[in-house]
Amino acid sequence: MDIIQLDTVVESELAQLAPCVGADLPGYRNHIYRVLTYAMHFMGGEARWRRPFAFALAYHDVGMWTDRTLAYLDPSAAQAEAARRDHAPDLDAALIHDLIVWHHKLTPFRGANAAAVNALRKADWVDASQGMIRKGLTRAQIAAVNAALPVHGFPDTLMRLAGELNHGHRTGGLLRVLHKVYRL
């Protein structure tokens, strides 16, 4: 597996988002790179997917910070679309939208670019579950990716935001995420 630790698209987009993400940026950055690594692996390393994956991943969770909401998929997609129009108009708007909006889908995505959307969806499930859900990856592969791209407290950040963005009620925030973000 080719572990991706640096990507110019990710870095360019994160530079724009850094003021909103703030101190959570190192954890979010490495989450993006772990998911990008897994998604590219699931797509057989096919180069044409790297740029749209990198672009979409920079924005896939960002609505938590930019819009301060736990129902962050649509705000994240809106942030990505504004950025895409401004400085990446050649990227397929529908693909970027679907990569973001369906990345927490519980069942396989069916539609245009299903292979790419499902690769990114599976990749995010692997990382979000901290490797408990492996989607065909070995424990050794996941351990190597985590060693190269440390978590930097990202799961703790998500737990903190669940409380902060739900008036201090973390359990209620987690339930809200399950209701608003996870889709069949």
| Any residue in the stretch 70-78 that is polar (S, T, N, Q), open to solvent by 10 Å² or more (accessible area, probe 1.4 Å) and within 17 Å of the chain's Cα centre (by Cα)? | no
| Filter pass, Ala39 being open to solvent by less than 60 Å² (accessible area, probe 1.4 Å), touching a residue at least 40 places away in the same chain (Cβ under 8 Å), closer than 17 Å to Met1 by Cα and in contact with a Lys or Arg (Cβ under 9 Å, 6 or more places away or on another chain) | yes
| Within the stretch 144-160, tally of residues that are part of a helix (DSSP H, G or I), farther than 19 Å from Ala71 by Cα and open to solvent by 60 Å² or more (accessible area, probe 1.4 Å) | 1
| request: Among the residues of the stretch 61-105, count how many are at pLDDT below 95 and touching a Lys or Arg at 6+ places or on another chain (Cβ under 7 Å). | output: 4
| task | Tally the residues that are buried (at least 19 other Cβ atoms within 10 Å of the Cβ) and closer than 24 Å to Ala140 by Cα, restricting the search to the stretch 1-28. | result | 4
| said: Can you find a residue that is without any contact (Cβ under 8 Å) to a residue 60 or more places away in the chain and part of a loop (DSSP other than H, G, I, E, B) anywhere in the stretch 173-181? | reply: no
| remark: Checked against (1) open to solvent by 30 Å² or more (accessible area, probe 1.4 Å); (2) of a type in the set (Lys, Arg); (3) within 10 Å of the chain's Cα centre (by Cα), Arg121 satisfies every condition except (1)
| note | Per the filter on the stretch 60-69, residues open to solvent by less than 40 Å² (accessible area, probe 1.4 Å) and acidic (Asp, Glu) are Asp61
| note | So the helices (runs of 4 or more DSSP H) completely within the stretch 55-133 holding 2 or more residues that are of a type in the set (D, E, K, R) are 73-87, 114-128
| field | Neighbours by Cβ (under 9 Å, 6+ apart or cross-chain): first from the stretch 14-35, under 18 Å from Ala78 (Cα atoms); second at pLDDT below 95 | value | Gln16/His87
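For every residue, the table says whether it meets (1) under 22 Å from Ala128 (Cβ atoms); (2) in contact with a helix residue (DSSP H, G or I) (Cβ under 6 Å, 6 or more places away or on another chain).
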| site | (1), (2) |
| --- | --- |
| Asp7 | yes, yes |
| Leu17 | yes, no |
| Pro26 | yes, no |
| His31 | yes, yes |
| Arg51 | no, yes |
| Thr66 | yes, yes |
| query | Would it be correct to say that Lys105 is among the basic types (Lys, Arg) and within 30 Å of Gly168 (Cα to Cα)? | reply | yes
| remark: Only one of (1) open to solvent by 30 Å² or more (accessible area, probe 1.4 Å); (2) over 30 Å from Ala140 (Cβ atoms); (3) touching a Phe, Trp or Tyr at 6+ places or on another chain (Cβ under 7 Å); (4) of a type in the set (A, V, I, L, M) does not apply to Leu106, and that is (2)
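The values are calculated or read from the model by the stated rules, or taken from the named source; none is laboratory data. On a predicted model such as this, the values are computed, not experimentally measured, just so you know. Positions of Cβ are generated from backbone atoms using ideal geometry, with glycine treated the same way; all protein chains shown enter the neighbour counts. Accessible surface areas use protein heavy atoms only, side chains included; no ligands, DNA or RNA. Shrake-Rupley method; radii C 1.70, N 1.55, O 1.52, S 1.80 Å.
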